[in-house]
Amino acid sequence: MNLIPEIIQRYRRSKKKAEGIRIRHKTLKSILLVVRDQSRPLLTTDKKPLPPNFPLDPCSTCGVPHYVKTYHLPLDSEGTVIVSRTIYERLQRLADHAGFDFANVVNNPPDQILNIPIVEQKVIAFSPERVRRDHIHAD
Ligand SMILES: [Zn+2]
């Protein structure tokens, strides 16, 4: 019996979801909006901003290297996207709020869908605190 889907379901039910903030862009729709926060440069290990010629790999999402903190916001056909409160507050600090003019709280936001492969791994052992013995069923 494959327990992994059941374990994932149980984990999702137990985890209290953080609220999300739905924001709407004033003019753009149906596009991946890339917002660069120039006030938050990426830092070297000695806490200095990366020099502009520092060799960085291109971003796996949009294909260009980022020297400052960058948000990738997939706007839907209404121009909206749901972000965390932290990202919402950071966008508020940018000029013209990065072009967003509307927000409401979403209490139960949908899970983010990440474009990464999912691999099922065989469960080797359970932590006894997390899964009671009577929840483990043998084949
Ligand atoms: Zn990017």
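Just to verify a number: FRET efficiency for Val35 and Glu78, C-beta to C-beta distance, R0 = 22 Å, to 0.05?
0.75
Ile82: net charge of surrounding residues, Cβ under 10 Å, Lys/Arg +1, Asp/Glu -1, itself excluded?
Counting the neighbours of Ile82, the net charge comes to -1.
Net charge near Thr70: determine it from the other residues with C-beta under 14 Å of the C-beta of Thr70, scoring Lys and Arg +1 and Asp and Glu -1.
+2
Which order do the peptides 45-51, 100-106 take when ranked by the mean count of other beta-carbon atoms within 10 Å per residue, highest first?
Put in order of decreasing packing, that is 100-106, 45-51.
What list of ³J(HN,Hα) values in whole Hz, one per residue of segment 75-83 in order, does the Karplus curve 6.51 cos²θ - 1.76 cosθ + 1.60 (θ = phi - 60°) give from phi, with Gly and Pro shown as x?
7, 7, 5, 9, x, 9, 8, 9, 10
To the nearest 20 debye, what is the magnitude of the charge dipole of segment 17-110 about its Cα centre, counting +1 on the Cβ of each Lys and Arg and -1 on the Cβ of each Asp and Glu?
180
On the first, second and third principal axes, largest extent first, how far apart are the outermost C-alpha atoms of segment 17-110 in Å?
In descending order, the Cα extents are 39, 26, 24 Å.
Each value in this text was obtained by applying a stated rule to the coordinates, not by laboratory testing. Predicted model, so just to flag it, every value in this text is computed and none were measured. Methodologically, a virtual Cβ is constructed for each residue, glycine included, from the backbone with ideal geometry; neighbour enumeration extends over all protein chains shown.
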